[in-house]
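So the structure is just underneath, and the comments pick up after that.
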Amino acid sequence: MKISGHTMGTPEYTVIEAIKLFHDIGIEGAEIVIQDGYCSGISCACSKEELALVKKAAEENRIEISCLTPYNSYFNSLDEQIRTAEIDAILKVIDACEYLGAHFIRIYGGNLQAGDTANLLERRAKLVESMQFLGERAAEKDVTLLIENHFNTMAVSAKETVDLIREIDHPAVRILYDQANLNFTEQEDYKAAIEIQQQYVEYMHVKDLVFKEGVAFNSSEVSHPDESERNVYTRIVGEGIIPWAEILKMVKEYGYDGWLSLEYERRWHPDDIPDASIGMKKSAEYLKKIITEQEKALLSRNNWVIT
């Protein structure tokens, strides 16, 4: 497994500075936000000049661009003008992936506010249609679309995400496993989530949290809950309640050997966690320790069997 930094965690840095930071703290990849107006993101226009600077920085710092992360979500809209605009935006991101040598794009599984039950079948059909079309375009560029376990979408739970992936039925559309999201939306625990969806997982987000006492989850946005709606505090990985050692052991047993992307949520919750140079570094060190210890344990068991 390889560790990637996420520019959600570096709001005080430009993308170029974030890439240098990721190199300096000893991680191998960068997941980069695609959004206008964000310091640590690539603009939605994805101009060749802008991408060339990012590519140069990545090459100089020996950082692989692991994933590009746009914030489009209305792939299930019944308004064809809106849906088409979202699709066109992802086509630009697919082209950006090809230029940067990236192979993954984070995708929201549509936009669905909690409690919204209007025209669900029609909106789901539009989401499936959108993903099938984009899957074809992505496959042409050796890119995989990753539908994330995420609130306010049509893929909140592991089960919902798997059902959606099976309906889309395209090899270039797979799952981004986010156990923290499943935890704070009160969906499956890690054992159930991994058993249900791991055969479709091609990327993982890693973050940590602790629950607020007596507060239920709510969010009026897809990207993140407002401070007034939060039921958790975000934490440095290893300092919260998510059992990452057990999760990594279990996904490894299912054959996962891909990216572990540190979705360090300093952009949204800067009061909870320190600058990425401190907190993301500690998070990466914690993951490396788990990986090393598990590799040693596996080697020890294999040697014992051979003896």
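Give the value in nm², to one decimal: projected area of the alpha carbon convex hull of region 168-283, averaged over all directions.
Seen from a random direction, the Cα hull of region 168-283 projects 8.1 nm² on average.
Kindly point out which whole DSSP H helices in the chain project their C-alpha atoms 20 angstrom or further along the helix axis while averaging a Kyte-Doolittle hydropathy of -1.0 or above.
Counting only whole DSSP H runs, the qualifying helices are 80-100, 120-140, 276-306.
Report the label-to-label distance for LYS48 and ALA125 in nanometres (one decimal), using points 7 Å from each Cα along the Cα→Cβ vector.
Taking the simple label geometry, LYS48 and ALA125 are separated by 4.2 nm.
Suppose we take every Cα in the chain and form the convex hull; what volume per residue is that in Å³?
136 Å³
Ratio to report: Rg/Rh of region 107-147, with Cα atoms as the point set and Rh obtained by the Kirkwood method; give two decimals.
1.07
Along Cα→Cβ, 7 Å out, is where each label goes; now give me the distance between the ones at GLU17 and GLU80 in nm to one decimal.
4.6 nm
I want to check the label-to-label distance for GLN294 and ASP163. Put each point 7 Å from Cα in the C-beta direction and report it in nm to one decimal.
2.9 nm
Counting each DSSP H run of 4 or more residues in the chain as -39500 (n - 2.57), what helix-only mean residue ellipticity at 222 nm follows after dividing by all residues, to the nearest 500 deg cm²/dmol?
Mean residue ellipticity at 222 nm (helix-derived): -14000 deg cm²/dmol.
Could you tell me the calculated FRET efficiency between ARG301 and LYS212, based on Cβ-Cβ distance and R0 = 51 angstrom, to the nearest 0.05?
0.80
Please compute, over every Cα-Cα pair in region 62-101, the percentage with a separation greater than 12 angstrom.
Tail of P(r) above 12 Å: 60 percent of Cα pairs.
Just to check, using Stokes-Einstein with a Kirkwood Rh over alpha carbon pairs, what's the diffusion coefficient of region 79-231 at 25 °C and 0.890 mPa s in µm²/s?
Roughly 152 µm²/s, to the nearest whole number.
If contacts are Cα pairs under 8 angstrom and at least 6 residues apart, what is the relative contact order of the chain in percent?
Relative contact order, the chain: 18 percent.
Once the other residues with Cβ under 9 Å from the Cβ of MET250 are scored (Lys, Arg +1; Asp, Glu -1), what is the net sum?
Net charge in that neighbourhood comes out at 0.
Report the charge-dipole magnitude of region 2-306 in Debye, nearest 20, computed about the Cα centre from +1 at each Lys and Arg Cβ and -1 at each Asp and Glu Cβ.
It comes to approximately 760 debye.
Taking every DSSP beta bridge that has both residues in the chain, what percent is antiparallel when rounded to the nearest 5?
15 percent
Two decimals, Cα atoms only, Kirkwood Rh: what is Rg/Rh over region 15-131?
1.06
Explain nothing, just the number: relative contact order of region 121-259, from Cα pairs under 8 Å at least 6 residues apart, as a whole percent.
It rounds to 21 percent for region 121-259.
Suppose R0 equals 22 Å. What FRET efficiency, 1/(1 + (r/R0)^6) with r the Cβ-Cβ distance, do ASN61 and GLU98 give to the nearest 0.05?
E between ASN61 and GLU98, to the nearest 0.05, is 0.60.
None of the figures in this text is laboratory data; all of them are computed from the coordinates on show. The structure displayed is predicted, hence computed values, not measured ones. Backbone-built Cβ (ideal geometry, glycine too); neighbour counts: all protein chains shown.
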